[in-house]
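Participant: Supplied in structure tokens, the structure appears directly below.
The values are calculated or read from the model by the stated rules, or taken from the named source; none is laboratory data. Quick caveat: nothing in here was measured; it's all calculated off a predicted structure. So basically every Cβ, Gly included, is an ideal-geometry build from the backbone, and we count neighbours across all protein chains shown. Only protein heavy atoms, including side chains, enter the accessible area calculation; ligands, DNA and RNA are left aside. Shrake-Rupley method; radii C 1.70, N 1.55, O 1.52, S 1.80 Å.
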Amino acid sequence: PPLVFEAYLTRTPGYRLGVELALATGSAVSGLVVESISEGGIVDAWNRTAAPQRRIRAGDVITEVNGQADISTLAAELRSSEKLQVIVHRSDAVQSGPRAQVS
């Protein structure tokens, strides 16, 4: 079964989210697939303090941000909000599609 967990990220001025995201395609889960994580970004900072099973990694799917689950609003919410409550699904059956622009 897929693992589902919450991550709490705080956008700090001058720091990027630090992830490459793509639309999740061909899977039971819709959202944004994490393709890579950059060192020094907000997600990297979360991963340094989170329990190992709650670290965001490539292949994870962000399915909800601040209560918004609609695919069209996920990227906008990631770009614009200072406090981010992110729901992450981890499954081996996820494929990525077109990239989504989020800094």
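Participant: For the stretch 69-85, in order, what is each residue's ³J(HN,Hα) by Karplus, 6.51 cos²θ - 1.76 cosθ + 1.60 with θ = phi - 60°, in whole Hz (x at glycine and Pro)?
Facilitator: Taking θ as phi minus 60°, the curve returns 10, 6, 4, 6, 9, 4, 5, 4, 5, 5, 6, 9, 8, 7, 9, 10, 9 Hz for the stretch 69-85.
Participant: Moving on to the next point. Taking log10 I(q)/I(0) by the Debye sum over Cα atoms at q = 0.11, 0.16, 0.21 Å⁻¹ straight from the coordinates, which label in [x] -0.27, -0.60, -1.09; [y] -0.67, -0.94, -1.19; [z] -0.34, -0.74, -1.24 is the correct one?
Facilitator: Identified label for the calculated read-out: [x].
Participant: Another question, then. What is the chain's relative contact order, in percent, from Cα pairs under 8 angstrom and six or more apart in sequence?
Facilitator: Result for the chain is 40 percent.
Participant: If you don't mind, there's one more thing I want to ask. Sort 28-37, 71-80 by the packing proxy (mean of other Cβ within 10 Å over each peptide's residues), most packed first.
Facilitator: 28-37, 71-80
Participant: Would you please give the FRET efficiency between Tyr8 and Glu39, computed as 1/(1 + (r/R0)^6) with r the Cβ-Cβ distance and R0 = 25 Å, to the nearest 0.05?
Facilitator: 0.80
Participant: For a Förster distance of 22 Å, can you work out the FRET efficiency between the beta-carbons of Ala50 and Asp70, rounded to the nearest 0.05?
Facilitator: The calculated FRET efficiency here is 0.25.
Participant: In whole percent, how big is the carbon plus sulfur part of the accessible area of the chain, probe 1.4 Å, protein atoms only?
Facilitator: The computed percentage sits at 49.
Participant: Starting from the 7 Å offset along Cα-to-Cβ, what nm value, one decimal, do you get for the label separation of Arg57 and Ser30?
Facilitator: Here the modelled spin labels are 2.8 nm apart.
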